[in-house]
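Reading through the structure tokens given below for one structure.
The values are calculated or read from the model by the stated rules, or taken from the named source; none is laboratory data. Only a predicted model underlies this, so the values are computations on that prediction, with no experimental measurement involved. In this analysis, Cβ positions are derived from the backbone assuming ideal geometry, glycine residues included, and neighbour counts consider all displayed protein chains.
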């Protein structure tokens, strides 16, 4: 495995652990971290063995969530609790919407959903993040800043716009037809016209 692949795999694993911790916090409202690390997050233990033990990984994930502003520490009765922040709720909602969009069984209604954006060069990082997320979901690039998806994704796009703070720079459109859409239909395994 190459160096880039290895680094990418490690980054993805850290994100997965962070999202699991964040989801656990959201479900319980607030979490006694000592109790969670020992009980509710036990499923993370079944991830492939690495040089770091589970307790260390859970604590590191919690620390990264706090550093990013997705969670905060609170204390009560001499115990430390991890509490989700409003920013963490937004991130969690976006991740849940992304997972729902990827996994749902879909029936095509014959209409295309298009996302067009014009994000200035000074916000290049946001533009790249937007493209990355759309690619992860399954959008197909029609042109540099026009992406297509065959299923309803309006709620997801709204969450994405809010998360990246790009409301006016992104347009969501629904089109009945796209000229020369044979390759798109094949890509999404849709009936050919």
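Yes or no: residue 108 more than 22 Å from residue 92 (Cα to Cα) and at pLDDT 90 or above?
It is false that residue 108 is more than 22 Å from residue 92 (Cα to Cα) and at pLDDT 90 or above.
Select from region 167-189 the residues that are in a loop (DSSP other than H, G, I, E, B) and in contact with a helix residue (DSSP H, G or I) (Cβ under 8 Å, 6 or more places away or on another chain) and list them in ascending order.
Keep residues of region 167-189 that are in a loop (DSSP other than H, G, I, E, B), which gives 176-181, 188-189.
Within region 167-189, 178 is the sole residue that qualifies.
Take residue 176 and decide whether it is out of contact with any strand residue (DSSP E or B) (no Cβ under 7 Å at 6 or more places or on another chain) and in contact (Cβ under 8 Å) with a residue 12 or more places away in the chain.
yes
Restricting to region 85-144, give me the number of residues that are in contact (Cβ under 8 Å) with a residue 60 or more places away in the chain, part of a helix (DSSP H, G or I) and more than 11 Å from the chain's Cα centre (by Cα).
Matching residues across region 85-144 total 2.
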